[in-house]
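I'd like to ask you about the structure that follows.
The values are calculated or read from the model by the stated rules, or taken from the named source; none is laboratory data. For clarity, every value in this text was computed on a predicted model and none was experimentally measured. Glycine gets a Cβ as well: all are built from the backbone with ideal geometry, and neighbour counts include every protein chain shown. Side chains included, ligands, DNA and RNA excluded: accessible areas come from the protein's heavy atoms. Shrake-Rupley method; radii C 1.70, N 1.55, O 1.52, S 1.80 Å.
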Amino acid sequence: MTARPVVWVTRRLPADVEEALAARFDVRSRGDDAPMGAAELQAAFAEADGVLCTVTDRVDAACFAVPGRRARIVANFGVGVNHIDLAAATAAGVTVTNTPGVLTDDTADLAILLMLSVLRRASSGERELRAGQWTGWRPTHHLGQSVRGKTLGIVGFGRIGRAVTERAMAGLGMQVLAWTRGRSATALPTGVTRVETLEELLRAADVVSLHCPATPETRRLMGAAQFAQMRSTAVLVNTARGDVVDEAALVAALEAGRIAGAGLDVYEREPAVHPGLLGRDDVVLLPHLGSATVETRTAMGLRALENLDAFFAGRVPPDRVG
């Protein structure tokens, strides 16, 4: 009998995914949900034919340079691959895949949730009530901002940016501006206005929602200069990657009243969060929940499995990125 490929899985996955993986491969894992250290991850590359990693794993050049490295594929559980050294993977002849498409809707839903929560002050209102500080309804209590008629600025018009746009226009009656780095040839939906510069978008938007990938060019794309260009009544929403935002600059902008609030699901030094954000009532903070539904996390795992299946069957994986 031909030995099954050995696959190291770096974190616990939904039960259906773990069962499907075990049916096809010789699966190795720690059996818990703690992140792997650098030495453990490098050992996995030496032991396994493939590694199924997550966005919490730093797959750097050292992983691909491990003496006696056995791994020939890295199947990423997630879309973004900025935590993987793609150049080192290519140089080592290791295939890298991701899981696009399956998390679009849930992440878009969460971006809308964050936007509404900040504009309507839902999070701070709930904290007040739970703390026993609510004294009853009154006309001037906890006033937020209406959503209908506001202008939404989408930074990065990929799958998720498009899905957020559809929800904002059809369900909330918002006007939408879109900006991407470089001149995208992608046609925009009817009613969406393409702007030439990020500055133009920042000056016009009531809500700025980030959906760009994490690259060296987008690192701290939103910093002090950009917050200074936003309206004092505007809010920032980030469901993309944490390092797209300079958190210290965001805190300074909030403290100075240069912007009205922020809704964040990702963080610059995740899982650490800038302490200046934690106590603010004008900020809604979530623990990286963008794709956190049973349906989507299962679909992500099964998509990673499809890539592993294709690779070990000698086919090009459908979601190869490197």
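Being within 30 Å of residue 166 (Cα to Cα), touching a Gly at 6+ places or on another chain (Cβ under 9 Å) and touching a residue at least 12 places away in the same chain (Cβ under 8 Å), is that true of even one residue in the stretch 82-96?
No, the stretch 82-96 contains no residue that is within 30 Å of residue 166 (Cα to Cα), touching a Gly at 6+ places or on another chain (Cβ under 9 Å) and touching a residue at least 12 places away in the same chain (Cβ under 8 Å).
Another question, if that's okay. Scan the stretch 126-147 residue by residue and report those that are under 18 Å from residue 261 (Cβ atoms) and either open to solvent by 70 Å² or more (accessible area, probe 1.4 Å) or among the small types (Gly, Ala, Ser) (or both).
126, 127, 143, 144, 146 - these are the residues of the stretch 126-147 that are under 18 Å from residue 261 (Cβ atoms) and either open to solvent by 70 Å² or more (accessible area, probe 1.4 Å) or among the small types (Gly, Ala, Ser) (or both).
Okay, next question. Going through the stretch 1-10 one residue at a time, which ones are in contact with an Asp or Glu (Cβ under 7 Å, 6 or more places away or on another chain) and open to solvent by 70 Å² or more (accessible area, probe 1.4 Å)?
4
Report every pair of residues separated by at least 6 positions or lying on different chains whose Cβ atoms are under 6 Å apart, first residue within the stretch 221-234 and touching a residue at least 24 places away in the same chain (Cβ under 8 Å) and of a type in the set (Ser, Thr, Tyr), second surrounded by 14 or more Cβ atoms within 10 Å (Cβ to Cβ) and not in a helix (DSSP H, G or I).
So the pair list comes out as 233/260.
Read through the list (1) buried (at least 24 other Cβ atoms within 10 Å of the Cβ); (2) within 21 Å of residue 255 (Cβ to Cβ), then give the number of the only condition that residue 225 fails.
Checking residue 225 against (1) buried (at least 24 other Cβ atoms within 10 Å of the Cβ); (2) within 21 Å of residue 255 (Cβ to Cβ), the one that fails is (1).
Going by the structure shown, is residue 56 part of a helix (DSSP H, G or I), surrounded by fewer than 17 Cβ atoms within 10 Å (Cβ to Cβ) and β-branched (Val, Ile, Thr)?
Criteria not met by residue 56.
Next question. Which one of the conditions (1) of a type in the set (Ser, Thr, Tyr); (2) open to solvent by 60 Å² or more (accessible area, probe 1.4 Å); (3) assigned to a helix (DSSP H, G or I) does residue 123 fail to meet, given that it meets all the rest?
Only one criterion in (1) of a type in the set (Ser, Thr, Tyr); (2) open to solvent by 60 Å² or more (accessible area, probe 1.4 Å); (3) assigned to a helix (DSSP H, G or I) is unmet by residue 123, namely (2).
Next up: Among the residues in the stretch 152-167, are any within 20 Å of residue 261 (Cβ to Cβ), basic (Lys, Arg) and without any contact (Cβ under 8 Å) to a residue 60 or more places away in the chain?
yes
If only one of 75, 44, 122 is over 29 Å from residue 206 (Cα atoms), more than 19 Å from the chain's Cα centre (by Cα) and at pLDDT 95 or above, which one is it?
44
Filter the stretch 11-46 down to residues that are in a helix (DSSP H, G or I) and open to solvent by 70 Å² or more (accessible area, probe 1.4 Å) and give me whichever is farthest from residue 64 (Cα to Cα).
So, considering only residues that are in a helix (DSSP H, G or I) and open to solvent by 70 Å² or more (accessible area, probe 1.4 Å), the one farthest from residue 64 (Cα to Cα) is 16.
Ok, one more. Tally up the residues in the stretch 169-222 that are in contact with a helix residue (DSSP H, G or I) (Cβ under 6 Å, 6 or more places away or on another chain) and open to solvent by 60 Å² or more (accessible area, probe 1.4 Å), please.
Result for the stretch 169-222: 3.
Sticking with this structure for a sec: For the stretch 286-302, give me the residue count where each residue is open to solvent by less than 60 Å² (accessible area, probe 1.4 Å) and either without any contact (Cβ under 8 Å) to a residue 24 or more places away in the chain or basic (Lys, Arg) (or both).
1
While we're on this one: Go through the stretch 271-322 and count every residue that is under 16 Å from residue 73 (Cα atoms), under 21 Å from the mean Cα position of the chain (by Cα) and β-branched (Val, Ile, Thr).
1
Is it the case that some residue within the stretch 149-156 is touching a strand residue (DSSP E or B) at 6+ places or on another chain (Cβ under 9 Å), of a type in the set (Val, Ile, Thr), over 17 Å from residue 119 (Cβ atoms) and in a loop (DSSP other than H, G, I, E, B)?
Looking for residues that are touching a strand residue (DSSP E or B) at 6+ places or on another chain (Cβ under 9 Å), of a type in the set (Val, Ile, Thr), over 17 Å from residue 119 (Cβ atoms) and in a loop (DSSP other than H, G, I, E, B), one finds none in the stretch 149-156, hence no.
Sticking with this one: Taking residue 85, is it open to solvent by less than 50 Å² (accessible area, probe 1.4 Å), over 26 Å from residue 294 (Cα atoms) and of a type outside the set (Phe, Trp, Tyr)?
no
While we're here: What are the pairs, 6+ residues apart or on separate chains, where a residue within the stretch 9-31 that is at pLDDT below 95 has its Cβ under 7 Å from a residue that is open to solvent by 50 Å² or more (accessible area, probe 1.4 Å) and among the aromatic types (Phe, Trp, Tyr)?
Here the result reads none, with nothing in the stretch 9-31 linked to a residue that is open to solvent by 50 Å² or more (accessible area, probe 1.4 Å) and among the aromatic types (Phe, Trp, Tyr).
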